[in-house]
Structure formats: C-alpha cells, structure tokens
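For reference, the structure is listed below as structure tokens.
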Amino acid sequence: MTESLPASILSAFAAIGRPAIAMFAMIGRIAVFAFTALVRAVTPPFYPARFGTQLMEIGWYSLPVVGLTAIFTGSALAQQIYTGGSRFDASATVPAIVVFGMVRELGPVLVGLMVAGRVASAMAAELGTMRVTEQLDALTTLRTDAFRYLIVPRMAASVIALPIMVLIANSIGIMGGFLLAIYKLGFNPASYLATTRKFLQSDDIWMAVVKAAVFGFIIGLMGCYNGSRTSGGAAGVGKATTDAVVSAFILILFSDLLITILALK
Amino acid sequence: MMAVAKGTPKIKLTEVVKRFGDNSVLDGVNLSVEPGESVAIIGGSGTGKSVTLKCILGLLTPDSGSVTVDGEEVVGARSREMSRIRTKFGMLFQGGALFDSMPVWRNVTFGLTQGRMTDAAHMRRVAEENLERVGLSRDILNLRPNELSGGMQKRVALARAIAPRPEIIFFDEPTTGLDPIRADMINDLITSLVEDLGVTALTITHDMVSARKIANRVAMLYNGRIIWHGPRDRLYDSGNPYVDQFVQGRADGPIR
Ligand SMILES: Nc1ncnc2c1ncn2[C@@H]1O[C@H](COP(=O)(O)OP(=O)(O)OP(=O)(O)O)[C@@H](O)[C@H]1O
Ligand SMILES: [Mg+2]
C-alpha cells in the first residue's frame, strides 16, 4: 500500500503527461508549418495563376452556400428578435440586433464554418491523395517546392477570400432580416433602413474582416497541414480530411471567442 | 558547375541506416555508382529498394550513414543545397506518381516548366518528342493520367523523368506492368540513355532479363544490406546462395 500510492500518482501524471507532450509537439509542428508557409509566401518563385485558381475554388464556388446561409440566418434572426423582444420597441431593436448579430458574430462564424466544411476538407483530401500517391515526392524531384506551388496559393487565397465573403454574407444577412421585417412583420422600410444605417459601425465591420482573415488562415492551415502529413492510403486520406474539418471548426470558434473578448473587453 | 575530382563516384552510400519506428529497413547499406555506369538493384519485395532511392534523393532522411552525390554530402544538406543537387536527378516512381490534375503533356514537361504556363505550343512539342521515346503517340497529349492504362501511365512517368535530360536517372521498376515487347523497348531506351548520352542509371527491377540487359553491374539487397554485387555476367554464377535462389526464383533456399 505504502508504495502503490506514489506509483499510482506517478502513473496518473504520466497519463496526463503523455498526451500533453504529444499536444505540444503537434502545436510546435503546426507553428513550424505556418512559419514555413509565411516565409515561402514572400520569397520567389511565385505562382499567381495557382493563386487565382484557388481564389475561384475557395471564394467564388463557395458563394451559393454562403449566400443561402446568410439569408436564412438574417431572416430567422429578425423573427426571433421580434418575437422575443416585442416588449421593447421592436422597430428599433430588430434592425439594430440584426446588424450587430450578423456583422459581429454570425456572419464571420457561419461563413468560416461553411467554408471550413467545404474547403478545408477538399484541401486535406487533395494534398493527402497527392502525398500517398507520391505526387508530392514527384514534385520535389521535379525541382518544384510543394510549399510554394500547392500550399502558399491555398493559404493565401483562403486568407483573401474569407473577408470578401464575410462582407457579402453580412450584406445578404441584413437584407434577409430586412425582407422578413418588411413583408412578414410589417415594418416601415424607410425607418428600418435608417436604423440599420445608424447601427452599422465601421468598428464592427473591421472586426468582421479581421475575424474572417483569421478564420481563412485557420482553414488554409488546417487543410494543408493535415493533408500534407497524410500517411496510410485511402483510410489515411479520410482521417486527414476529418481532422482538418474538426480542428478548423474548433480553432475558428475558439479564435472567435478570443477576438471578441479582446475587441470588446 | 563545380569541378568534380576525377575518380569520385557519382553516387556513394556508406553504412546507410533507415528505420521506421521499430521496423529497421536499411541496416548499413554500402553502394557506389561510377559516372556513366548503369547499376541494377534486385531484392525481395519490401527489402527497402525504393527506400534506398528516396534516401539518395533526400525524400527520406537516413537515421545514420552518408550519401554523397559527386562527392557532396546529401544527408543533412540545407534545402537550397539539396534542391541544387536534385537538378542532377530524374526519378521514375514505382507507382508513376503522375499529377492527376494535369493533362499528359503538362505532366511530361513539368520538370522544364516547374508548373508555369510557359510557351504551351513549344512544351507540347517537347512532350510529343519525349512520349515518342517511350513508344507513346501524340494522341494522348491532352488526356488525364486516369484515362490511361497502367502501362501507359508508367511510360508517361518515364517520359516525365527523362524530359529535363538529367545526368542521373533512377528507375523504380520501369518494366513492371508492361508487355514483353514494350518492356524490351524500355530496356533499349535505358541502354541508349546510358551508352549514347552518358547518363548514370540506377534501376530497381524484379525482371532478370531486364537487369542483365540494362545494367553493367547488379547489386542485391537483403536484410537491409547489399549482400552481393558484381558484373551482370556473374548474376547466374555469383556463388552466393541468396542470389542463386533469387535469380532462379526458387521457393526453397536460405531466403524465406
Ligand atoms: N514512408 C514510410 N513509412 C513507414 N514505413 C515505410 C515507408 N516507406 C517504406 N516503408 C517500409 O519500408 C520497407 C521497405 O519498403 P520499400 O518500398 O523500400 O520496399 P521495396 O524493396 O521497394 O519493395 P517492392 O519491391 O515491393 O517495391 C517496407 O517494410 C515498408 O513497409
Ligand atoms: Mg519498391
């Protein structure tokens, strides 16, 4: 008994310690990966055509799903506030909270999550397949840096595309709330728009843009990191894809909280 | 170009060790390839032949030992040095490793364009010439790799490896999956690259006919080491029981 207690305490520490060490090692690897991407992004050779292709892939082709998400959410938000907040002056609170809610929080987060689901998974699957079929090795033997050719264009396009999409989603979301308020709740269009304009602050728009850029970085990083580390055939590609999406989701929600707290204190 | 001292081997591996976790694959490989020489590596499946090539190319890092190319150390080389050394190499991967998002002609010319959209008309002509050397017609220029048969993919990959005219070429099972006539055509191609263009070649093969035809020297990898090497004429009277069993394809013998 006298000896089993310290031993069990030690093994408890070991049980906590091993995953902790593994986690720090992983964070270290991701940091090195991100740093390498940043350095290679600013040193030649550059691949503008690859960047353009990725911008289309990540931005343009995500617009339908992002637009639908925004219009549904904006309208639902208006209805919720109207019903939940009717004790107060609805004509002021509905447009105000639709603007706050969409611009500060729902626009960036929903776009981030939608694009993460669509794009981080695609990046991980594509790079993962290239890894397991030795296409990444082939690229190296053909004197092409996989970081500059494949990863930098994806990460850069994702950082650039997300803010643009969030601005579009916010506009569509606010419009969704407006349409519902006008046609279903019988608001006055002119005064709704006037209130909307009053509560649309440039600080909030900036916050949305910053969040979106951070989310874009997370999406590109998680997609490319998990994809390029894939091992073990088709099952490995599946696992990389899942890891990319799940880790992007968690990091997006966590960094959203962090930025919100830091910005609003 | 750096001057290379006379008598320096093109490629030299000294006591190369490579493990994957508990799986010890290479356990002290020693091999030297002279400039303009063609060496074939034979050995059982999973003995580490492909791993050996990847260690030379710096795609895998040996746990210990030394690999030199023209006298320059590869193990631990900085990435800039490594990419300069890699310009000497062409590599045919065992699985082809064609870029499946690109048409055949862009695959074949990738070593020249590095993925840039330079002068498409010229590049298509270059691709056509190189495809011709591996016995493929220009009809497939615009196809994607997944629209080709396995043997055609292998030959497109071969065309991609030789297109930049490297001074050293690695062939990982160049004739596997080809019919006997096509296989012999590839043997002739490798022979002519070595004899006419002075290329240094290192070929992995399970095809003894091919090994005897293309190689000046054959080396056998077994249990993580080169257990025998000698001129191709000695392949069938090596006096080594492992080599004898392997080249005769017998199930009974020292190799299990
Ligand atoms: N990236 C890797 N990670 C882990 N193990 C690996 C890796 N690459 C190769 N191995 C292991 O190394 C060993 C040798 O593999 P290698 O591909 O070199 O065999 P080979 O001699 O080329 O066989 P074959 O003739 O079948 O192609 C195998 O046991 C394989 O499982
Ligand atoms: Mg192999």
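The values are calculated or read from the model by the stated rules, or taken from the named source; none is laboratory data. Note that the coordinates shown come from a computational prediction; the quantities given were computed from them, not determined experimentally. Neighbour counts are summed over all protein chains in view; Cβ atoms, including those assigned to glycine, are modelled from backbone coordinates with ideal geometry.
Structure data summary
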read-out: Selection count where residues are under 29 Å from the mean Cα position of the chain (by Cα) and under 24 Å from A:G67 (Cβ atoms), scope the range A:168-203; value: 19
read-out: Residue among A:V32, A:V98, A:V109 that alone is touching a Gly at 6+ places or on another chain (Cβ under 9 Å) and among the aliphatic types (A, V, I, L, M); value: A:V98
read-out: Of all residues in the range B:154-169 being within 11 Å of chain A (Cβ to nearest Cβ) and not aliphatic (A, V, I, L, M), the one that is farthest from B:K88 (Cα to Cα); value: B:R160
read-out: Qualifying residue in the range A:51-66 (condition: more than 26 Å from A:K184 (Cβ to Cβ) and β-branched (V, I, T)); value: yes
read-out: The lone exception for B:E147 - which of (1) closer than 26 Å to B:V33 by Cα; (2) more than 14 Å from chain A (Cβ to nearest Cβ); (3) acidic (D, E) it fails; value: (1)
read-out: Residue that is farthest from ligand 1 (Cβ to nearest atom), among those in the range B:36-66 that are over 27 Å from B:V247 (Cβ atoms) and more than 14 Å from chain A (Cβ to nearest Cβ); value: B:S66
read-out: Of the criteria (1) over 21 Å from A:E134 (Cβ atoms); (2) basic (K, R); (3) modelled with pLDDT of 95 or more, which one B:R133 fails; value: (3)
read-out: Residue in the range A:115-123 that is touching a residue at least 12 places away in the same chain (Cβ under 8 Å) and out of contact with any Gly (no Cβ under 9 Å at 6 or more places or on another chain) present; value: yes
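Every residue, every condition in (1) touching a residue at least 12 places away in the same chain (Cβ under 8 Å); (2) not in a helix (DSSP H, G or I), yes or no:
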| position | (1), (2) |
| --- | --- |
| A:P6 | no, no |
| A:I9 | no, no |
| A:A14 | no, no |
| A:I27 | no, no |
| A:V32 | no, no |
| A:A37 | yes, no |
| A:F46 | yes, yes |
| A:F51 | yes, no |
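Let's see how each residue does on (1) more than 22 Å from the chain's Cα centre (by Cα); (2) polar (S, T, N, Q); (3) in the same structural domain as B:E34 (by TED's automatic domain parsing); (4) on the phi > 0 side of the Ramachandran plot:
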| residue | (1), (2), (3), (4) |
| --- | --- |
| B:G46 | no, no, yes, yes |
| B:T52 | no, yes, yes, no |
| B:P62 | no, no, yes, no |
| B:G71 | no, no, yes, yes |
| B:V104 | no, no, no, no |
| B:G115 | yes, no, no, yes |
| B:D119 | yes, no, no, yes |
| B:L143 | yes, no, no, no |
